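Structure first, then comments.
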Amino acid sequence: MKKLFLSLAFASATIGSAAAQGFTYGLKAGANYSNLWGKNAPNSNSYKIGFVGGLAANYAFNDFASVQIEALYSNKGYKVTEVEVNGPNGAKYKAEGSQTINYVDFPILAHINAGPVFFEAGPQIGIKTDSKIKSNFKVKDAAGNVVNEGSSEADQDAIIGFKRIDKKTGGIPSFDIGIVAGLGYNITPMLSFGVRYNAGLKTLVDSKNVEAGNEARVFNNAFQAQLGYMFGSKM
């Protein structure tokens, strides 16, 4: 029993010391506005909206500088639209779709505070969890009447129009490396709002056996808006 009391006392002292030195932890949630960037990205690609959210831990060295580590579930990907004219009668085939690549991202960020405004930047590693594609199509005759339409959803572990790259998993690489930069505003000592740019640095496609000068390089690309709520903040 005496050892138990000593252990609890030690734990309480440790937690109290960490809090005094500026350790905080909390939750983050927001939205991704993502696309692909790089050479030879899919035709007609555009941005799509997804979810981002998870946990954060911050250690403040002083009122000016801190380091923050996060674990975020992040929906990335892109949308595509293709339109083709089929036949002399002017019938049009329109296909729309989106590919979602889900990651658990681990950014390690340096925070610089300037009053209620803060700046952040650092590297990030992302672990891919899965990849899915949704599509729908519509065929119209020359008069604009819909003559056929449908939709589908399936697992898709390769970027549309490119070979699978990862030899082990047979698809999109199982991890991504990137950089994060952003700024935000501390609404209260516990509640904050921030925007970020998140750029992947590891290509998602296989460009082997392609003539020199025409190799594809396709990367993740996302703008993020997040709300954060941190516990243990000093009032």
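Reported count of residues in region 21-68, each being of a type in the set (S, T, N, Q), in contact (Cβ under 8 Å) with a residue 40 or more places away in the chain and closer than 24 Å to residue 103 by Cα, is 7.
Number of residues in region 86-105 that are in contact with a strand residue (DSSP E or B) (Cβ under 6 Å, 6 or more places away or on another chain) and either charged (D, E, K, R) or at pLDDT below 80 (or both): the value is 7. Name the single residue that is modelled with the highest pLDDT among those in region 216-229 being assigned to a loop (DSSP other than H, G, I, E, B) and surrounded by 15 or more Cβ atoms within 10 Å (Cβ to Cβ). Only one residue tops the list, namely 218. Report yes if residue 179 is surrounded by 14 or more Cβ atoms within 10 Å (Cβ to Cβ), under 29 Å from residue 92 (Cβ atoms) and either modelled with pLDDT under 90 or β-branched (Val, Ile, Thr) (or both), otherwise no. No, not satisfied. Taking region 113-138 as the range and being closer than 26 Å to residue 100 by Cβ and open to solvent by less than 60 Å² (accessible area, probe 1.4 Å) as the test, the residues that pass are 120, 122, 124, 126, 128, 130, 131, 133, 135. Kindly evaluate residue 158 against the criterion of being modelled with pLDDT under 75, among the hydrophobic types (A, V, I, L, M, F, W, C) and open to solvent by less than 50 Å² (accessible area, probe 1.4 Å). Taking the combined requirement at face value, the residue does not satisfy it.
The values are calculated or read from the model by the stated rules, or taken from the named source; none is laboratory data. Nothing here was measured: the structure is a model prediction, and the numbers come from that model. Note that we place each Cβ from the backbone using ideal geometry, even for glycine, and neighbour counts take in every protein chain shown. Surface areas here come from the heavy atoms of the whole protein model, side chains and all, with no ligands, DNA or RNA. Shrake-Rupley method; radii C 1.70, N 1.55, O 1.52, S 1.80 Å.
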